[in-house]
Amino acid sequence: MSRWVCVLLLFPVSSACGDPPDFEQRVAPLLVRRCLECHQEKSPSGSLSFATREGLKRGGDSGAVFVPGNPNESYLLQRVLDGEMPPLKQGRPQTLPPEEAAVLRDWIASGAAWPEGRTLELYERTSDVRGGRDWWSLQPVRRPDIPRDNDQRPLHPVDAFLRRELASHRLRPAPPADRRTLLRRVYYDLIGLPPTEAQIAAFVADKSADAWERVVDELLASPHYGERWARYWLDLVRYADTSGYERDQEKPFAWKYRDWVVRALNDNKPYDRFVVEQLAGDELPDRSEETVIATGFLRLGTWNDEPNDPEDYQYERLEDLVHVTSSAFLGLTVKCARCHDHKFDPLYQEDYYRMGAAFWAGPIGARDRALLGGPSSEELGFDEILGWTDLQRDVSPLHVLKNGERAHPLEAAEPASLSLIPELFAPFAPPEESARTSQRRLHLARWIVDPRHPLTARVMVNRLWLHHFGQGLVRSPNNFGFTGERPTHPELLDWLAAEFVDSGWNAKSMHRLLLTSEAYRQASLHPESERYDALDSGNRLWWRAERRRLDAEALHDSMLFVSGELDRKLGGPSFRPTISAEALEGLSMKSAAWTASPSEEQNRRGLYTYTKRGLLPPLLTAFDFCDASQPVGQRDVTIVAPQALALLNDDFAHRCSNHLAQRTRERISDETGQIRSVWSSVLGRQPTAGEERLAAEHLAAQRARFADSESAEQADLQALSSLCLVVMNTNEFAFLD
């Protein structure tokens with residue numbers, strides 16, 4: 001008899017029964033979806049397991065759950081029909097739909113057939129309530145063939161995949177953006193600064209076939225590329241210069257990690273090495289000061305030097321480490337499995353502790369306050385570094401905690417990779433005899449960057465796409481699980497992920513690939529926008545470019561750039577910006593809480609702003625600077641009235657406009673020349689005739705306003721400064737088309 005039809009019956013089949021429901025197609029999905037979360041083989045609720053035939057036959061604390069061939073007398077079915085099972089969720093019953101109750105009834109009536117040796121498992125398949133191990137992001141990356149258009153002509157890979165989907169919906173991409181718009185777009189995307197009018201004019205005039213490619217290569221080679229893209233990574237790893245909590249004391253030398261990220265990006269460090277150094281740079285055979293600085297990734301979280309319960313606090317810090325590691329590199333919310341099996345993704349509670357065990361030998365316990373919970377210079381092997389290393393080679397076991405509570409330890413967790421990818425699951429080997437550390441983080445890092453890993457490359461190329469196109473192919477960049485978004489173009493995502501790995505994890509190569517596509521270079525306005533918006537208002541088919549507002553740092557840097565004040569020095573300790581007295585009003589010990597850096601140091605890029613968790617600069621927060629306590633894969637973008645008020649009234653904005661006005665007057669004496677110079681400096685173009693007329697009217701009105709209180713020379717300067725401020729407040733300055 002075929003093994004597919006060989007089944008054992010828990011009870012005799014009643015002769016009155018019709019055909020029993022198919023177990024694999026109807027019964028198993030129902031039991032897995034509705035019952036198995038509570039009634040697994042391990043610690044089943046009410047001692048009743050639905051995982052195996054034997055467990056179901058055995059029954060639970062209330063005895064047998066079936067009456068042979070008689071569903072009306074079966075205790076299980078009765079509780080289901082009474083609305084008592086499944087149990088209440090958020091205070092409301094979860095009564096089974098009639099069709100599901102009918103399946104259960106027919107199955108019981110037919111004798112509850114169960115295939116020989118079959119064990120049900122909570123995450124064996126995806127349902128409408130949770131993801132299984134067959135979830136899309138957990139499947140191996142396969143490089144699909146590049147589609148061809150109707151003429152069978154080769155297209156850029158990105159355009160080929162996008163146009164196939166557009167054509168299937170009878171849509172066409174937007175026409176190319178004009179060359180000025182394109183140059184501003186790519187300058188901000190790669191270095192976070194605007195091009196000058198001269199650079200724009202040179203690009204517009206350059207008709208050579210490779211003009212665009214040469215611009216892209218030039219910007220990728222710029223040292224400012226690393227500064228721009230380091231900011232995205234720092235958001236992701238919850239970077240700040242202080243520890244948070246009430247004392248919010250400084251994390252000494254945190255800025256060295258920031259500078260390491262900038263150097264790594266500028267040097268195009270392969271992404272797999274980039275990951276490994278941050279997780280285990282102290283455990284590498286070629287360990288160096290640089291690789292130990294990289295482990296500052298693990299030290300960037302908040303730190304409470306006086307927790308209410310120091311022993312409980314160890315587990316809070318462990319959760320931070322698991323969360324940032326899984327979010328940044330894998331796009332998974334593993335921390336949700338600390339207290340129970342994950343509600344939505346195929347992660348058992350044991351998986352959380354398996355990953356957590358990799359950090360258990362490190363400085364997560366109570367340490368001397370002066371060390372901020374970290375290792376000493378002697379333990380790190382280098383002075384003046386905020387780094388991480390294991391404090392011992394042999395590690396006491398980390399126990400799974402019942403409901404995540406320290407007082408209720410269960411079995412010891414085996415240090416291992418996550419079980420959601422069975423083909424790559426493996427326990428971590430014990431450390432070598434000569435090892436100074438547990439080597440567990442090195443095992444974890446190498447598992448993450450295994451070329452066969454389905455998540456690592458997908459997650460990273462999605463981040464690159466997000467920051468170039470305004471949204472990700474997966475629009476939940478830190479969540480590739482069941483509650484996250486599905487990819488708009490799964491085959492394109494896989495092609496890019498495969499290309500990333502095959503390129504040697506070369507990030508600059510991927511930038512170049514994305515930026516040379518026609519999709520990147522299309523306009524943000526489409527000739528048929530009204531009709532297309534009705535069909536795809538979210539632009540999930542990428543039929544136009546996204547119009548984007550400058551983020552906080554790009555706006556800050558651009559104002560310094562156009563005023564001529566920007567200090568382009570790379571690296572070094574962070575500067576403390578001037579913060580108004582009003583913003584300091586709510587702080588205790590206001591005089592000691594904040595001391596601004598000398599004014600000449602405050603002209604550096606926003607990346608180097610001292611990030612105090614309890615006191616963020618108001619101008620940056622107005623423009624959605626992110627919360628530094630959690631990993632942020634994509635900042636919120638708001639357009640609200642306080643932003644306009646900040647740009648019009650903030651001291652920094654006035655300082656930049658005053659400096660631009662002074663610099664303009666020193667070079668140009670006539671009014672028309674000054675107006676044109678302001679437009680050139682701020683917008684990278686010349687004003688139209690109408691703009692010149694309005695600007696002249698504004699200058700006249702402002703001179704008259706200041707005439708009574710200022711000298712004629714000062715009134716002229718104040719009027720010109722006012723014009724500079726107005727132009728810096730235009731959408732053309734603050735937005736990218």
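The values are calculated or read from the model by the stated rules, or taken from the named source; none is laboratory data. Here the structure is a predicted model, which is why all the values come from computation and not from measurement. Methodologically, a virtual Cβ is constructed for each residue, glycine included, from the backbone with ideal geometry; neighbour enumeration extends over all protein chains shown. Please note that ligands, DNA and RNA were not included when accessible areas were found on the heavy atoms of the full protein model with its side chains. Shrake-Rupley method; radii C 1.70, N 1.55, O 1.52, S 1.80 Å.
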Listed residues ALA337, ALA328, ALA280; which is out of contact with any strand residue (DSSP E or B) (no Cβ under 7 Å at 6 or more places or on another chain) and closer than 14 Å to GLY387 by Cα?
-> ALA280
Which one is nearest to SER47 (Cα to Cα), of the residues in region 63-118 that are assigned to a loop (DSSP other than H, G, I, E, B) and modelled with pLDDT of 80 or more?
-> ALA64
Which residues, taken from region 448-469, are among the charged types (D, E, K, R) and either touching a strand residue (DSSP E or B) at 6+ places or on another chain (Cβ under 6 Å) or buried (at least 20 other Cβ atoms within 10 Å of the Cβ) (or both)?
-> ARG458, ARG463
Counting only residues that are open to solvent by 30 Å² or more (accessible area, probe 1.4 Å) and more than 16 Å from THR437 (Cα to Cα), give me the helices (runs of 4 or more DSSP H) lying completely in region 310-413 with at least 3 of them.
-> 310-330
May I ask you to verify whether PRO431 is open to solvent by 80 Å² or more (accessible area, probe 1.4 Å) and either assigned to a loop (DSSP other than H, G, I, E, B) or touching a His at 6+ places or on another chain (Cβ under 8 Å) (or both)?
-> no
Residue selected from region 530-548 under the condition touching a helix residue (DSSP H, G or I) at 6+ places or on another chain (Cβ under 8 Å) and surrounded by 18 or more Cβ atoms within 10 Å (Cβ to Cβ), by the criterion farthest from ARG568 (Cα to Cα) | LEU541
Is there any pair linking a residue in region 171-200 that is at positive phi and open to solvent by less than 20 Å² (accessible area, probe 1.4 Å) to one that is modelled with pLDDT of 95 or more and assigned to a loop (DSSP other than H, G, I, E, B), with Cβ under 8 Å and at least six apart or on different chains, and which?
-> GLY192/ARG605
Would you be able to say whether some residue in region 123-132 is of a type in the set (A, V, I, L, M) and modelled with pLDDT of 95 or more?
-> no
Flag for VAL27 being hydrophobic (A, V, I, L, M, F, W, C) and at pLDDT below 85 | no
VAL237 being touching a Phe, Trp or Tyr at 6+ places or on another chain (Cβ under 6 Å) and either within 21 Å of GLY374 (Cβ to Cβ) or crowded, with 20+ Cβ neighbours inside 10 Å (or both) = yes
Flag if LEU555 is modelled with pLDDT of 95 or more, more than 23 Å from GLU213 (Cα to Cα), assigned to a helix (DSSP H, G or I) and open to solvent by less than 10 Å² (accessible area, probe 1.4 Å) = yes
Filter the helices (runs of 4 or more DSSP H) completely within region 568-622 down to those with at least 1 residues that are over 31 Å from the mean Cα position of the chain (by Cα) and free of Cβ contacts under 8 Å to residues at least 12 places away in the same chain.
-> 581-584, 590-593
Quickly run through region 514-523 and pick out the residues that are of a type in the set (S, T, N, Q), in a loop (DSSP other than H, G, I, E, B) and open to solvent by less than 20 Å² (accessible area, probe 1.4 Å).
-> SER517
Identify, please: which residue in region 454-513 is among the hydroxyl-bearing types (Ser, Thr, Tyr) and part of a helix (DSSP H, G or I) and is, among those, farthest from PRO147 (Cα to Cα)?
-> THR456
